[in-house]
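Following: one structure in structure tokens, then a few remarks.
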Amino acid sequence: MKITRVVGGLAALGLLVGVVATTAFAGSSAHGQTRATYTIGVSLAGYSTDFWSSYVAFEKQAAAKYGVKLIGPISANGDAGKQATQIRSLITQGVDALIINPVDSAAIAPTLAYAASKHIPVVSVDVAPTKGKVYMIVRADNILYGKSACKYIGSHVKGSGHVAMLEGDLASINGLDRKNGFLNCMKASYPKLKVVEYATKWDTPTAVNDAKTALSTYSDLKGIYVHWSGPVPGIIAAEKASGKFTKVGSPNHIVLFSDDGTPQEHGWIRAGEEDATISQPANLYAGFAVFYAKQATTGAKYHAGMSTDHGSKIINLLGNLEDAIVAPVVSKANVNDPGLWGNYKKK
């Protein structure tokens, strides 16, 4: 198959990466009317974390760049039913497209069907639906997140022992993919390390308590993999309170690996308190969610196999197209890389 390249470059605003699609922006919306301004409704599962508050800021910059009006973001506060009601309200307000960060990958399906019945295209950001159709998913490879955590922990500990995995919500494809990527890699590559799973549903207090349980239960605890960044300070504090904290690289150090790539995580890595994280690029998620939402209103076409200028490819995920954004591992070796979104606030 011939690979088509999506051409573009760095945007001036907020260091967002922009692309010029193979189909340029047209002057008519998905409703078949010429519009001076496109209105995009934004529904997020929640945005109380540093990652999502940063996403919201980047999204506003992207809206200004692409000349669209945003309604929202509206937070569902982790309630799938509430999100469904909020999205229907956005549609009633006459939006041209929707950006949705689903609370639940399966429960969002009826809402996607309703949007389709009203001819409102949907871009799913960060979390992919397991059922239902969307125009584009903007998301990184979350199985690779788990594999990367596995390889990092496995290559930085010696001998046998236990590794605690503090899981996100497994009703979210992200949590499930991170779990499966980590478990399958551990079983295949590091059989001497036994993984102990803790179901947290993205709840930070639960995750911190589970970390405390692991620290007190397993004298041979070699590593902790937490699916997001929120619990990290509590985990570090729990290690210190239990007398089990040592700096990265020290003997008997318990490897700590998280996901997100926030400025705070970078600080803990620089301080030698955390080993590594995945830089889930909030800036690219926001920029391309807005980009594809506007593209959807024009009827621009994409297909699996297309490459982008930001190092990703358009793939098929459960019957939908996904821009599989690249999310690098961040450790002491590259934590000061100015290209990482978690360092933008330093500028």
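Brief remarks follow.
- Candidate set from region 118-145 (those that are without any contact (Cβ under 8 Å) to a residue 40 or more places away in the chain and in contact with a Gly (Cβ under 8 Å, 6 or more places away or on another chain)); member that is farthest from Gly41 (Cα to Cα): Ile143
- Conditions (1) farther than 26 Å from Ala62 by Cα; (2) modelled with pLDDT of 95 or more; (3) among the small types (Gly, Ala, Ser); (4) out of contact with any helix residue (DSSP H, G or I) (no Cβ under 8 Å at 6 or more places or on another chain): number failed by Ala171: (2)
- Check on Ala300, more than 21 Å from the chain's Cα centre (by Cα) and assigned to a loop (DSSP other than H, G, I, E, B): yes
- Residue in region 187-194 that is small (Gly, Ala, Ser) and either surrounded by fewer than 21 Cβ atoms within 10 Å (Cβ to Cβ) or free of Cβ contacts under 8 Å to residues at least 24 places away in the same chain (or both) present: yes
- When Met136, Met165 are screened for being buried (at least 20 other Cβ atoms within 10 Å of the Cβ) and either aromatic (Phe, Trp, Tyr) or more than 17 Å from Ala289 (Cβ to Cβ) (or both), only Met165 passes.
- Members of region 290-311 that are surrounded by fewer than 22 Cβ atoms within 10 Å (Cβ to Cβ) and of a type in the set (Gly, Ala, Ser): Gly299, Ala300, Ala304, Gly305, Ser307, Gly311
- Residue among Gly342, Gly287 that is more than 21 Å from Ile100 (Cβ to Cβ), crowded, with 20+ Cβ neighbours inside 10 Å and touching an Asp or Glu at 6+ places or on another chain (Cβ under 9 Å): Gly342
- When Ile315 is tested against (1) closer than 26 Å to Thr130 by Cβ; (2) open to solvent by 10 Å² or more (accessible area, probe 1.4 Å); (3) assigned to a loop (DSSP other than H, G, I, E, B), just one condition goes unmet, and that condition is (3).
- Qualifying residue in region 216-229 (condition: in a helix (DSSP H, G or I) and crowded, with 22+ Cβ neighbours inside 10 Å): no
The values are calculated or read from the model by the stated rules, or taken from the named source; none is laboratory data. Predicted model, so just to flag it, every value in this text is computed and none were measured. Virtual Cβ from ideal backbone geometry, glycine too; neighbours counted across all protein chains shown. Ligands, DNA and RNA are stripped out before the accessible areas are found, and what is left, the full protein with its side chains, is counted by its heavy atoms. Shrake-Rupley method; radii C 1.70, N 1.55, O 1.52, S 1.80 Å.
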